[in-house]
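The values are calculated or read from the model by the stated rules, or taken from the named source; none is laboratory data. In this text the structure is predicted, and so the values were computed from the model without any measurement. Please note: Cβ atoms are built from the backbone with ideal geometry, for glycine as well, and neighbour counts cover all protein chains shown.
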């Protein structure tokens, strides 16, 4: 197991708590763990430390919120997302963080600003998120982002609010979508040597923080009005995008 200082363990626990909060519906918070784990373990290696935590968080979210899933949106997004995962897995050894992180950050920032505009002017580009090209572009981006950086939460959450899903349906749909996609990613990450004994040991130690995040996040989401929920998701996505662009 990697040797971490007490401060580093606290950072890792806070990031694991963020994983749980993101799985409970505050998806934009999820990029906090991307930044912290990349700082602690390196950008590429960190994906293997985070993925087991994400799968556990997904299982908890599905158990808690399965009744709110909108399967038509899950089925619509899965094919392009899985293709994005495969494409990213094939290029992980060749693409650099310096190239990829600003690209994903820019895409998330554009999506967030477009959705902010739609909150202000509801009829603006109202039909675009429902079109097949839009679904495939967003799905491919999400698949690549989740394989390369575990950073697809803001992308898919922005899509869900763009098509007008209520907050609990956003959370339930995200839970099932990411459970399927993250399980699909496991053999690719293992094959790349990113998941191994030490990453699983770290995940086991941090598991209580993930569970605490899921259940505290669920309490928070139940008390947020729909518009506040949408604005927070957009705000978190903008902050995360700026961090990816300028990190």
Residue among 240, 203, 190, 209 that alone is free of Cβ contacts under 8 Å to residues at least 24 places away in the same chain, part of a helix (DSSP H, G or I) and farther than 18 Å from residue 120 by Cα: 190
Checklist (1) closer than 24 Å to residue 20 by Cβ; (2) buried (at least 23 other Cβ atoms within 10 Å of the Cβ); (3) modelled with pLDDT of 75 or more applied to residue 154, failing item: (3)
Residue in region 217-240 that is surrounded by 18 or more Cβ atoms within 10 Å (Cβ to Cβ) and modelled with pLDDT of 80 or more present: yes
Subset of region 42-69 (residues that are farther than 19 Å from residue 142 by Cα, modelled with pLDDT under 85 and in a helix (DSSP H, G or I)): 45, 64, 65, 66, 67, 68
Number of the exception - residue 74 against (1) in contact with a helix residue (DSSP H, G or I) (Cβ under 8 Å, 6 or more places away or on another chain); (2) surrounded by fewer than 16 Cβ atoms within 10 Å (Cβ to Cβ); (3) at pLDDT 70 or above: (2)
Subset of region 1-32 [under 30 Å from residue 165 (Cβ atoms) and either modelled with pLDDT of 80 or more or surrounded by fewer than 15 Cβ atoms within 10 Å (Cβ to Cβ) (or both)]: 14, 15, 16, 17, 18, 19, 20, 21, 22, 23, 24
Test: residue in region 91-105 that is at pLDDT below 90, within 19 Å of residue 22 (Cα to Cα) and buried (at least 20 other Cβ atoms within 10 Å of the Cβ): yes
Verdict on residue 202 being in contact with a helix residue (DSSP H, G or I) (Cβ under 6 Å, 6 or more places away or on another chain) and modelled with pLDDT of 90 or more: yes
Lone unmet requirement of (1) surrounded by fewer than 18 Cβ atoms within 10 Å (Cβ to Cβ); (2) modelled with pLDDT of 90 or more; (3) more than 16 Å from the chain's Cα centre (by Cα) for residue 126: (2)
